[in-house]
1. Could you say which residue among Val73, Val111, Val96 is under 21 Å from Gly143 (Cα atoms), more than 11 Å from ligand 1 (Cβ to nearest atom), without any contact (Cβ under 8 Å) to a residue 24 or more places away in the chain and of a type in the set (A, V, I, L, M, F, W, C)?
2. Among the candidates Val153, Val149, single out the residue that is within 15 Å of Ser54 (Cα to Cα) and free of Cβ contacts under 8 Å to residues at least 40 places away in the same chain.
3. What number of residues in the range 32-59 are more than 16 Å from ligand 2 (Cβ to nearest atom) and either assigned to a loop (DSSP other than H, G, I, E, B) or not small (Gly, Ala, Ser) (or both)?
4. Can you tell me which of Ala95, Ala113 is within 17 Å of Ile43 (Cα to Cα), among the aliphatic types (A, V, I, L, M) and more than 12 Å from ligand 2 (Cβ to nearest atom)?
5. Which one is farthest from ligand 2 (Cβ to nearest atom), of the residues in the range 64-83 that are surrounded by 23 or more Cβ atoms within 10 Å (Cβ to Cβ) and not hydrophobic (A, V, I, L, M, F, W, C)?
6. Among the residues of the range 97-130, count how many are surrounded by fewer than 21 Cβ atoms within 10 Å (Cβ to Cβ) and touching a helix residue (DSSP H, G or I) at 6+ places or on another chain (Cβ under 7 Å).
7. Do any helices (runs of 4 or more DSSP H) entirely within the range 122-203 hold 3 or more residues that are more than 20 Å from Cys7 (Cβ to Cβ), and if so, which?
8. Residue pairs, Cβ under 9 Å, 6 or more apart or interchain, first in the range 168-187 and over 15 Å from Thr154 (Cβ atoms), second at pLDDT 95 or above and among the basic types (Lys, Arg). List them.
Amino acid sequence: MCVDCGCDAERHDSRRVEVRRDLLAANDRLAAANRLYFAEKAILALNLVSSPGSGKTSILERTVAAFDSRPVVVIEGDQQTGRDAERIKAAGAAAVQINTGSGCHLDARMVAAAISELDPPAQSCLFIENVGNLVCPAMFDLGEAAKVVIISVTEGEDKPEKYPYMFRAASLCLINKIDLLPHLDFDLAALKASALAVNPAMIFIGLSARSGEGFSGWLEWIEAQCPVAAKAVRQGG
Ligand SMILES: Nc1nc2c(ncn2[C@@H]2O[C@H](COP(=O)(O)OP(=O)(O)OP(=O)(O)O)[C@@H](O)[C@H]2O)c(=O)[nH]1
Ligand SMILES: [Mg+2]
């Protein structure tokens, strides 16, 4: 069993299933408190999830530099090192690093602790970069308005059907590293079909954190989510 979150508990005994249910219920209560906090301060919180190395921090570095309609703050999640938070600070935004040790995901309690350290201003945009992992972060609500899943064009078109929980939980799919497309035989249409098979409401934006191509669509999408963040709380999630 994955000791940290019990993500494969169903394959084991019923006691483990019970422990996992309690764990997720406790997390959901804390996530609801985070969501209420975000609503009261009109903060848009987005949870960025992907496999390691797909470009989450690179996208955030460019986003921090380009998104000027609201203050931007970042929570960085990695098992070890403070490297990603340092990159974000160098790009110009306040950032807090969470190290999960052996843990495979961020949870709502960790995010609450980081929020009290960051104290994000009202009407800011809070990006949470989750631990690079396409499995466990799908199950843990952090109180965010939306999960954004990032896949880079070097990862293969079939990932959504192989990791359906993550692609089902996300509202937006950023397809990163499109500057590499001329060098690959990656099939964009096949990737979209794979994602739509598990989540028919999925929205896609292709971009490159390297060249900046596609960023205008991403920045517009963020802007359009701002009122949704406030509405999500009134509707209870
Ligand atoms: N060619 C190309 N390379 C990119 C792009 N975005 C990121 N990279 C490279 O991909 C590698 C990983 O980028 P990161 O931003 O660290 O990825 P990450 O998802 O934050 O990684 P973890 O935090 O370790 O999960 C780095 O070498 C980046 O320079 C892109 O759009 N095009
Ligand atoms: Mg990173």
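1. Working: Val73 fails: without any contact (Cβ under 8 Å) to a residue 24 or more places away in the chain; Val111 fails: without any contact (Cβ under 8 Å) to a residue 24 or more places away in the chain.
Checking each option against the conditions leaves just Val96.
2. Values: Val149 fails: free of Cβ contacts under 8 Å to residues at least 40 places away in the same chain.
After ruling out the rest, the residue left standing is Val153.
3. Pass one, the range 32-59, residues more than 16 Å from ligand 2 (Cβ to nearest atom): 32-45.
Next cut, either assigned to a loop (DSSP other than H, G, I, E, B) or not small (Gly, Ala, Ser) (or both) only: 34-38, 40-44.
Matching residues across the range 32-59 total 10.
4. Ala113
5. Applying the filter and picking the extreme gives Gly77.
6. 4
7. Numbers: elements: 159-162, 164-169, 188-198.
It comes to 188-198.
8. Ala169/Lys147; Ala170/Lys147; Ser171/Lys147; Leu172/Lys147; Cys173/Lys192
The values are calculated or read from the model by the stated rules, or taken from the named source; none is laboratory data. Predicted, not measured: the structure shown is a model, and the values here were computed from it. Cβ coordinates were reconstructed from backbone atoms using ideal geometry, including for glycine residues, and neighbour counts include every protein chain displayed.
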